[in-house]
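Visitor: Can you read through this structure? Questions will come right after.
Every number here is computed from the coordinates shown, using simple stated rules; none is lab data. Predicted, not measured: the structure shown is a model, and the values here were computed from it. Note that each Cβ is placed from the backbone with ideal geometry, even for glycine, and that neighbours are counted across all protein chains shown.
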Amino acid sequence: MKRIQLGPFNRVEGDLEVGLDVDAGYVAAARVNSPLFRGFEQVLVGRPPEDALAIVPRICGICSVAQSAAAASALAALAGVTPPPNGQLASRLVLATENLADHLTHFYLFFMPDFARAAYVDRNWHSEVARRFTAQRGSAVAPWLQARARFFNLTGFLAGRWPHTLALQPGGSSKAMTAAERIRIQALLREFRAFVEGVVLGDALEAFAGLSSFDALQAWAAGRDSDFAHFLRAAGDLGLAGCGRASDRFLSYGAYELFPAGLWQPNAAVDPLETAKIAEDVSHSWLFGDKPLPPAQGETRVDADKAGAYTWCKAPRYAGQVVETGALARQLVAGQPLLRDLVERHGGSVTARIVARMVEVARIVPAMENWVRAIEPGEPFCLPAPLPDSGSAVGLVEAARGGLGHWLSVKRGRIERYQIIAPTTWNFSPRDAGGTPGALEQALVGLPAGDDAPPTVQHVVRSFDPCMVCTVH
Amino acid sequence: MKVLWLQSGGCGGCTQSLLCHEPRPLFDELRDAGIEFVWHPALSEASGDEALTILEDCAAGRREFDVLCIEGAMLRGPNGTGRFHLMAGSGRPLTEWVQRLAEQAKWVFAIGSCTAWGGFSASTPGNPLEACGLQYDTDTPGGLLGKGFLSRSGLPVVNIAGCPTHPGWIVDTLEKLAFDGLTASDLDEVGRPLLYAEQLVHHGCPRNEFYEFKASALKHSDLGCLMENLGCKGTQAHADCNTRAWNGAGSCLKGGYACIACTEPGFEAPGHAFQETPKLAGIPVGLPTDMPKAWFVALAALSKSATPKRVRENAVEDHTVVRPSVKKTGK
């Protein structure tokens, strides 16, 4: 048995270290370390509750709007205010822009460069993949950065800027879209659709979103010249649909009123979401605490010398069990047939996670087009949302990487407690008190590793699109 | 020109913002200016041992590089150990890597307000993270590298402050350095490049007419000036946010919310609610930079009494309800 520490595990958001026990060339056990602690939950305590809107986006530069949306949602619940339709649509557009941009940034900049590695030079797909996806220099990089920057112009119009906006307010959106801006925003969405259809997929969004089985997806990819088809051919050759299975329990808080909330497992009905089943264990975290706590009673107190701890990340569990969250979970809970087929056949996998993001891109762009059309300039975008002096509330949203929750309590006009569970907190959690490893830790077991091993571990880790700055926050 | 980039106690948002560079895609823009990344945590292929080898070679002086860009606050705690961020795979504090690399760098850039001053990581009461900026502890010179630090070029740390930074602030500073050089006269009193910090956010603010007449917004989404009630510090914050568009067409003010002065040391702990203007006897405490208080009060009173109906009414609406009148032409 040999122990190796992989790090800096880069091309993720933030810093990541993965420890592997390798036995005869295969991973016997994995330990995931989130090595950066900043303590945003303490930064928030004692502040006026509205200050959360300025503070929480700064937890993460890639899920910034999702953090804003969770805080705005918690504060709206506290105020008992429902934003007007325009405000809801505008905020949803900003969140969807971030989520879709993150999906494709992950694909082009973080995930695909590993397939351009010299380790794959013998594969028949390698030369084309290396030409397109080599880090920083591949021919796909500049077109994606161009499309990304243009797509984020939506946030210039709708949120002032990205990242770190204050436009998402408990009462709606601080920015009221003008009729002229509505025209520009529709044009930007057409431009983004053209990029995804022309370059990423090589097909209409609706045609791709309509693929209903893994066989249909493979037939779709065969002979097609597009960036996503290149990935599918490489993934097929490497067997990535059978690689990287975690707990096969998938949690979604529900998104955009398009995708419902719930918990899904293969060959079972969707369980409704019950937030009372969420608790965080800190037995292997450098934090004080002797039993799992629901986030509304959660604590974050540093115990840097704790024996047996190996990460700053807590271990959230749902009904005591490890769950996976992300685009795949959203689509599975929503009953998307292609992904249900893929996961019922092979379990969660690298391929399933990557396909789920692309399915989501194909499904959400048309929804965004509808949301813009539904906005009525001249009607209100934001209502006053005066807060009570005391109370507690929860804000649940779906970030690109999965379910994000903010649990907030206010006393005498100040934040008394603020607890955050981010998507990668779920996916990259350490062992719990029962010794059960987190989702990634499970997904790595059995993979080839060590000297001369192919970069499979790299694919599995990045298939989750981890956001480490959110994870510990 | 070779750029080495590391991240620590921040959110990565300055890199994400940098990737929004327009009009040209970032890597094309930099490549044609002769600028390349030796390593960047979010963007480079090299991972794990491959990356550590690059970093060790740079730190030991075996591999040449020009600019060290650091993104995120320096976390010295707990108890000076730096264990709030041990760089993955290396077991060594990120702060130690930064100190070693800064000795070799020709120039050191602090990317973002966390890196320049400490930022949110340094704002937990009592600062248990022992967080600081590269050469500042909030507004006090010092920080990780110390007040007297000069990089090999003879410059102190260049503070490209902002939360996040605008992509143009970073790219333009790199290109200024590459083509014209960078001297102390290109930086302001706290080390920010004048190419963006010699302006105020107020300059070019789309709400200028409302400001002129002190026609103020009362709630979010109102069109009026955000200074009197909603916490706007655009008249005091150094940056060109309203003359250099964010994401094609934006700025905080265009987005309908206050400038919280994110380029300034200490912005993260203003001592009042971010979106509320602190006042004394009804007058905002923070007055426009360089404006004598008596004159401000006198002019505000005068302009309020002279506010046109159109400006007064539009200020408290989220869309134009009274249009500027059109002069009758012909008969």
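Visitor: Taking the DSSP beta bridges in the stretch A:1-150 as the whole, what percent of them are antiparallel, to the nearest 5?
Guide: Antiparallel bridges: around 100 percent, rounded to the nearest 5.
Visitor: Dipole size in debye (nearest 20) for the protein assembly as shown around its Cα centre, Lys and Arg Cβ +1, Asp and Glu Cβ -1?
Guide: About 1620 debye.
Visitor: Once the principal axes of the Cα atoms of chain B are found, what is the range along each, listed largest first in whole angstroms?
Guide: So the three principal-axis extents are 79, 50, 33 Å.
Visitor: Which is farthest toward the positive dipole end of the stretch B:223-325 among B:V316, B:A237, B:G256, measuring Cα position about the Cα centre, with Cβ charges +1 (Lys, Arg) and -1 (Asp, Glu)?
Guide: Projecting each Cα onto the dipole axis, the largest value belongs to B:V316.
Visitor: Once Rh is set to the Kirkwood radius over Cα pairs, what Stokes-Einstein translational diffusion coefficient, in µm²/s, holds for the stretch A:391-448 at a temperature of 25 °C and a viscosity of 0.890 mPa s?
Guide: Rounded, D is 182 µm²/s.
Visitor: Next up: Would you kindly derive the ³J(HN,Hα) couplings of the stretch A:176-181 from the backbone phi angles with the Karplus curve 6.51 cos²θ - 1.76 cosθ + 1.60 (θ = phi - 60°), listing them in order in whole Hz, with x for Gly and Pro?
Guide: Listing the rounded values in order: 8, 5, 8, 4, 5, 5 Hz.
Visitor: Counting only other chains, what is the mean number of Cβ atoms within 10 angstrom of the Cβ of each residue in peptide B:70-76?
Guide: Rounded to a whole number, the mean comes out at 2.
Visitor: Roughly how far apart, in whole Å, are the Cα centres of the stretch B:256-322 and the stretch A:1-19?
Guide: Between the Cα centre of the stretch B:256-322 and that of the stretch A:1-19, the gap is 49 Å.
Visitor: If you don't mind, there's one more thing I want to ask. On the principal axes of its Cα set, how long, how wide and how thick is chain A? Give whole Å, largest value first.
Guide: 63, 57, 42
Visitor: Would you kindly derive the ³J(HN,Hα) couplings of the stretch A:5-19 from the backbone phi angles with the Karplus curve 6.51 cos²θ - 1.76 cosθ + 1.60 (θ = phi - 60°), listing them in order in whole Hz, with x for Gly and Pro?
Guide: Taking θ as phi minus 60°, the curve returns 10, 9, x, x, 7, 8, 6, 10, 7, x, 9, 8, 10, 10, x Hz for the stretch A:5-19.
Visitor: I need to check one value: relative contact order of the stretch A:193-320, counting alpha carbon pairs closer than 8 Å and at least 6 residues apart, in percent.
Guide: Relative contact order of the stretch A:193-320: 15 percent.
Visitor: Find the all-direction average of the projected area of the Cα convex hull for the protein assembly as shown, expressing the result in square nanometres with one decimal place.
Guide: Spelled out: convex hull of the Cα atoms, projected over all directions, averaged, 34.4 nm².
Visitor: Go through A:Q265, A:A309, A:S409 and say which Cα lies farthest out towards the positive end of the charge dipole of the stretch A:262-416; charges sit on Cβ, +1 for Lys and Arg, -1 for Asp and Glu.
Guide: A:A309
Visitor: Quick one: if the Förster radius is 30 Å, what FRET efficiency do A:N370 and A:T82 give, using the C-beta to C-beta distance and rounding to 0.05?
Guide: 0.90
Visitor: Restricting attention to the stretch A:241-327, which trypsin sites (Lys or Arg not before Pro) occupy a DSSP loop and are surrounded by at most 14 other Cβ atoms within 10 Å?
Guide: Hits after loop and neighbour filter: A:R301.
Visitor: For A:T325, A:T300, B:T320, which order do you get if you count the other beta carbons within 10 Å of each Cβ and list the fewest first?
Guide: Final ranking by Cβ density, sparse to dense: B:T320, A:T300, A:T325.
Visitor: Also: Among A:V65, A:V141, A:V81, rank each residue by its count of other Cβ atoms within 10 Å, from fewest to most, as a rough exposure measure.
Guide: If I rank by nearby Cβ atoms, fewest first, I get A:V81, A:V141, A:V65.
Visitor: Would you mind ranking B:W295, B:W117, B:W39, B:W246 so that the residue whose beta carbon has the fewest other beta carbons within 10 Å leads the list?
Guide: B:W295, B:W39, B:W246, B:W117
Visitor: Under the rule of -39500 (n - 2.57) per DSSP H run of 4 or more residues, summed and divided by the residues of the protein assembly as shown, what mean residue ellipticity at 222 nm is obtained, to the nearest 500 deg cm²/dmol?
Guide: Dividing the helical sum by the residues of the protein assembly as shown leaves -9500 deg cm²/dmol.
Visitor: For all pairs of alpha-carbon atoms in the stretch B:226-315, what percent lies in each bin of width 10 Å, listed from the first bin to the last filled one?
Guide: Reading upward from the zero bin: 15, 42, 36, 8.
Visitor: Roughly how big is the stretch A:2-472's charge dipole about its Cα centre, with Cβ charges of +1 (Lys, Arg) and -1 (Asp, Glu), in debye to the nearest 20?
Guide: Here the size comes out at about 660 debye.
Visitor: Step through the table entries A:K314/B:K279; A:K411/B:K309; A:K277/A:K411; B:K147/B:K233; B:K219/B:K309, compare each Cα-Cα distance with 31 Å, and write down the pairs that go over it.
Guide: Exceeds cut-off: A:K314/B:K279; A:K411/B:K309.
Visitor: Here's something else I'd like to know. Counting each pair of different Cα atoms once, what's the Kirkwood radius of the stretch A:230-345 in Å, rounded to one decimal?
Guide: 16.2 Å
Visitor: Right, something else. Any chance you could check the Cα centroid distance between the stretch B:151-224 and the stretch B:62-133 for me, in angstrom?
Guide: 23 Å
Visitor: Counting DSSP beta bridges with both partners in the protein assembly as shown, what percentage is antiparallel, nearest 5?
Guide: The antiparallel fraction comes to roughly 75 percent.
Visitor: Using just the C-alpha positions of the stretch A:251-307 as equal point scatterers, what log10 of I(q)/I(0) does the Debye formula give at each q in 0.13, 0.14 1/Å?
Guide: Here the Debye-derived log intensity ratios amount to -0.51, -0.57.
Visitor: To continue, here is another question. If we count every other residue with Cβ under 15 angstrom of A:L251's Cβ, Lys/Arg +1 and Asp/Glu -1, where does the sum land?
Guide: 0
Visitor: With each pseudo-label sitting 7 Å past Cα toward Cβ, what's the B:K147-A:S212 distance in nm, one decimal?
Guide: 7.4 nm
Visitor: Here's another thing I want to ask about it. Within straight cross-link reach of A:K2, meaning Cα distance under 15 Å, which aspartates and glutamates are found once same-chain residues fewer than 8 apart are removed?
Guide: A:D21, A:D23, A:D451, A:D452
Visitor: In whole percent, what relative contact order does the stretch B:108-266 give with Cα contacts below 8 Å and a gap of six or more residues?
Guide: Relative contact order comes out at 21 percent.
Visitor: When only alpha-carbon atoms count, how far does the stretch B:2-197 stretch along each of its three principal axes, as whole angstroms with the largest first?
Guide: Per principal axis, max minus min of the Cα coordinates gives 45, 39, 30 Å.
Visitor: Would you mind counting up the charge near A:E181? Only other residues with Cβ under 12 Å from its Cβ, with Lys and Arg at +1 and Asp and Glu at -1.
Guide: Summing Lys and Arg as +1 and Asp and Glu as -1 gives +4.
Visitor: For chain A, what is the percent of antiparallel DSSP beta bridges, rounded to the nearest 5?
Guide: Roughly 90 percent of the beta bridges in chain A run antiparallel, per DSSP.
Visitor: Could you work out how far the C-alpha centroid of the stretch A:225-286 sits from that of the stretch A:409-458, in angstrom?
Guide: The stretch A:225-286 and the stretch A:409-458 have Cα centres separated by 13 Å.
Visitor: May I ask for the net charge around B:S153, where only other residues with Cβ less than 11 Å from the Cβ of B:S153 are counted and Lys, Arg are +1 while Asp, Glu are -1?
Guide: Once all neighbours under 11 Å are counted, the net charge is +1.
Visitor: Debye calculation, C-alpha points only, no solvent: report log10 I(q)/I(0) for the stretch B:120-278 at q = 0.11, 0.18, 0.21 Å⁻¹, in the same order as the q values.
Guide: Each listed q maps to, in turn, -0.50, -1.13, -1.33.
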